[in-house]
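For reference, the structure discussed in these notes is given below.
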Amino acid sequence: MERPRLAHGHVPPLRRARPRSPGAGRGPAPTRGGRHLPIRPDDVSRRRSRAAQLLRALQPVYSRAQHLPGHRRLHALLGGGPAHQGSRGTAARWRTDDRGGPAGLRPLPLPPGERAHSRAHGRRLLGRRRRAAAHSGRQGARQALRPGPPGGSPGRGVTAPGSPRSRRARQPGPPVEAPRPCRASHAPRTHAAMRIPIARHWYWACAALCLAALPAAPARQRAGSDPALASRIDAILGDPALRGGVQGVVVRSLGGSGTWYERNASTLLLPASNQKLITAAAALHFLGPHWTFTTRLLRAGPVQTDGTLRGCLVLQGGGDPLLAERDLSTLVEAVKAAGIRRVTGGIRGDDSRFDARRYGDGWAWDDMPYYYSAPVSALCLNENVALVDVDPGKRPGDPVVIAVTPAGHTLEIDCTATTGPPGTSSSVEITRDLGTSRVRIRGTVAVDAPPASHAPVRVTVPEPARFAAAVLDQQLRAAGIQVDAGPSADPPPPGEAVELAVRHSQPLAEVIRHLHEVSDNLVAECLLKTLAVERGGGAPGTWAAGRRVVQDWLATLGIDPAEIDMADGSGLSRQNWVTPGALARLLAAISTHPHGPTYRSTLSVAGRTGYLRARMRGTPAEGAFQGKTGYLSSVSSLSGYLRTTRGEDLVVVILMNGHKAPNARVRPLQDQIVALLAGWALPDSKPSGPKASIGDWQVIRSDDPAGRETWLPHRRIAPPRD
């Protein structure tokens, strides 16, 4: 069969169609606006491949648009819209008119894989149209490309003579009469025209994906900020150790110079232990710095003349996370003073002030045996951990010597560790089986190993209330008081109980100081559940009720609830989210609170105390920065207050997420930022004025039964005049 020629001598090549599966029907051709589109829908895999190719094609626009302000990035990606240039392989051209498209963006070439796919698709369509023309008997309609428009210029999708694509098709042959034009309804659509509906859809979808994944632009300069300072901080945040991560930084003045620096201020990030700043602020606001936890010892039953208590002793927890073994001695003296020499019902631990949930949402199960993930209970002792010490035996091969404190612990020890030869390395693994009290000890300890090489390991106890009752039982027995039954965590018996002793904790301000300096997770969780009891309608205290109390208070500070998502009070969970801007507003608000000076004094001081005692030494920030650290895997944070060398007070929030470098490599970058700020002075900055006084807050309730006072911000009242 002789191939047809066009009037200008171009002979289109014939291609064999792909074999079709038996019985596969063509089905009705899709239409758009009454015109037939002989295009079958692409399968899902092809669409995904095309989306990936288009994402790579949009990379240059992505790279240029990330340096534009946020309101122009959208126009840079979507505002101009793509104009397809199929014959030259151009994927998109972005308009640069006055409606928002950025100038200077060049057309994006279609990737080679996409061009090859487009040619193959056009060849398949060409063969399909020829077979359809042969079947209908219209011999003159066997052309596969539309003739050019009047004037001699080739139409869209027609390859002009002399172009690279026409060289392959030039073959000698007798000329034929030009066929009649096809009807509009059956006009074959060219390659570029056929790809427009689908390609336009995918270009817009991929542009939206690029916009969603686009990193935030460098910090926007605001009133009072210094471009030189912003460039210095940007250079620090450009360190390779942070590559692949997200950094949120906010630096705001408590004086009148406004925002010094911002980056990702509205991005939700993991705060790690900076979550404790929120919990501590709420606790100080609602409870006050002088509030204390209370632990009680009760007797349930009568005391006979011979000193026998026909009943039990109840150790009732009040949520004190820092109750220690030495504090029980005062309770033992109270039992002896009451004339009790024998207890028939044993010792019971009562932790009903909190609910029975021991672990927060999102806590890692493999952290549960370790001290920083201790179970939360209203009755705690020694922070719900026991110390396990492993010492070598007398000769190599002997079993190691195990010592567990406190006496009366409830752990079961399973030890297979042995003593190693002298001069060998010591390697001991101490773990607790989940959900049980069984502690497994494996490994070897050299016979001449120094004590520092095998320091005691803190292992959590699964039942805190029973653990506390067992330790008190041991101390009573050591004091000569007979206890017939064993310790338990059973509920106290019904009936009237008589109070024998009360033990008060340190003031809340000191508890929060301990919380900040050692980053104690158990303290933070007990504070959150205590807020649920004190402000949420009574016992038992739950995480959910505590979160509601905190978030409702934050709303009164003008912090959008969408900017803080709490899962626990300590930051141990990876379900905590907070924006750097919200945390900065909280620190600024609490600085003007009546308890603000107390709150600030509980924070660690750079180069002096807490986890900051070894950081920023020898820099302007030493002794001038008060803050809180925080870390999880691939998360590092530092937030607090800084007084510059010119006397201006700043709020500094630094949250870093997702970096692959170890946190030890990231922390020096935070120190560099704080040290830079400490010695920096804006051209128009002024020293911070005196702190706001009680006139910035209003007492809204002073008749509380417990004598507490409640404060609300933003309702300014004039201080009393003399």
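Residues being of a type in the set (D, E, K, R) and surrounded by fewer than 21 Cβ atoms within 10 Å (Cβ to Cβ) are entirely absent from region 578-595.
Scan region 422-457 for residues that are among the charged types (D, E, K, R) and crowded, with 18+ Cβ neighbours inside 10 Å and the total you get is 1. For residues that are of a type in the set (K, R) and closer than 17 Å to G658 by Cβ, scanning just region 227-266, find the one that is surrounded by the most Cβ atoms within 10 Å (Cβ to Cβ). Checked region 227-266; the qualifying residue surrounded by the most Cβ atoms within 10 Å (Cβ to Cβ) is R263.
Residues that are within 30 Å of A283 (Cβ to Cβ) and free of Cβ contacts under 8 Å to residues at least 24 places away in the same chain within region 465-521 comprise just one, E510. Applying the condition of being of a type in the set (G, A, S) and surrounded by fewer than 20 Cβ atoms within 10 Å (Cβ to Cβ) to region 635-671 and asking which residue is farthest from I590 (Cα to Cα) yields A661. Across region 321-337, not a single residue is classified as among the β-branched types (V, I, T), in a helix (DSSP H, G or I), buried (at least 24 other Cβ atoms within 10 Å of the Cβ) and at negative phi. Considering T294, T330, the condition of being β-branched (V, I, T) and at pLDDT below 95 is satisfied by T330 alone.
Residues that are assigned to a loop (DSSP other than H, G, I, E, B), of a type outside the set (A, V, I, L, M), in contact with a strand residue (DSSP E or B) (Cβ under 6 Å, 6 or more places away or on another chain) and at pLDDT 95 or above occur in region 655-666; there is at least one. Screening region 608-634 for residues that are among the basic types (K, R) and either surrounded by fewer than 24 Cβ atoms within 10 Å (Cβ to Cβ) or farther than 19 Å from A589 by Cβ (or both) and picking the one that is nearest to the chain's Cα centre (by Cα) gives R615.
All conditions in (1) buried (at least 18 other Cβ atoms within 10 Å of the Cβ); (2) under 13 Å from F286 (Cβ atoms) hold for T542, with the sole exception of (2).
Where helices (runs of 4 or more DSSP H) sit wholly within region 473-585, those with at least 3 residues that are over 23 Å from S637 (Cα atoms) and touching a Phe, Trp or Tyr at 6+ places or on another chain (Cβ under 9 Å) occupy 521-535. The set of residues from region 519-543 being more than 19 Å from D350 (Cα to Cα), aliphatic (A, V, I, L, M) and at pLDDT below 95 is empty.
For the list (1) farther than 22 Å from T629 by Cβ; (2) in contact (Cβ under 8 Å) with a residue 24 or more places away in the chain; (3) basic (K, R), I need the number of the one condition that R547 fails. Failed condition: (2). Filter region 413-440 down to residues that are more than 33 Å from the chain's Cα centre (by Cα) and closer than 13 Å to L387 by Cα, then give me how many there are. Residues in region 413-440 being more than 33 Å from the chain's Cα centre (by Cα) and closer than 13 Å to L387 by Cα: 1 in total. Can you find a residue in region 295-313 that is touching a residue at least 12 places away in the same chain (Cβ under 8 Å), surrounded by 24 or more Cβ atoms within 10 Å (Cβ to Cβ) and of a type in the set (S, T, N, Q)? Yes. Considering only residues in region 387-421 that are outside any strand (DSSP E or B), of a type in the set (A, V, I, L, M, F, W, C) and modelled with pLDDT of 90 or more, the one that is surrounded by the fewest Cβ atoms within 10 Å (Cβ to Cβ) turns out to be L411.
The values are calculated or read from the model by the stated rules, or taken from the named source; none is laboratory data. This one's a predicted model, so the numbers in the text were calculated from it and none came from an experiment. Every residue, glycine among them, receives a Cβ derived from its backbone with ideal geometry; neighbour counts consider all protein chains shown.
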